[in-house]
Structure formats: structure tokens, C-alpha cells
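Below is one structure, written out as C-alpha cells; comments come after it.
The values are calculated or read from the model by the stated rules, or taken from the named source; none is laboratory data. Given the structure is predicted, the values throughout are model-derived calculations rather than measurements. Counting neighbours? That spans all protein chains shown, and the Cβs are built from the backbone with ideal geometry, glycine included.
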Amino acid sequence: MKHLAAYLLLGLAGNTSPSAKDIKAVLESVGIEADDERLSALLSELKGKDVNEVWIEDTARGCCCSHERAC
């Protein structure tokens, strides 16, 4: 969930295609260590998707993190 939260925060800031490096920087800025395996899985699942599409897709489900997504 922390990885997806960082991904979406970056999107709100205007980065529509956050990289692993971007997400790690957000997490590290608040003292959280990224889990490389989960982060890689999340980015693989989100590859080619715009952050706005992800946000709309998840809010339509009524949650911020689908059960299938490696948050």
C-alpha cells in the first residue's frame, strides 16, 4: 500500500509515470524503506498506465488498492 500511495502522490504532483527511483525517494523522505520486490511487481502491473487512470480505476472499485495489486 505504501508503494501505491507514493505512486499516487507523485501523480498528484504532476508526475504521470513515476519510476522506482521516484517512489523510493518519496518513501525515504519520510523514513520508510521500499520493498524492491513489491515495488517491482507494482510497477510491472502499472506499466503503460497513466497515474490518473489508476486513480479512477481504484476509486471506482471503492478502494485505493485492489486486492490483485501488489501494494
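Annotations for the structure displayed:
- Filter result for Glu45 (modelled with pLDDT of 95 or more and part of a helix (DSSP H, G or I)): no
- Search result, residues across region 3-33 that are surrounded by fewer than 19 Cβ atoms within 10 Å (Cβ to Cβ) and outside any helix (DSSP H, G or I): Ala13, Gly14, Asn15, Thr16, Ser17, Ser19, Val30, Gly31, Ile32, Glu33
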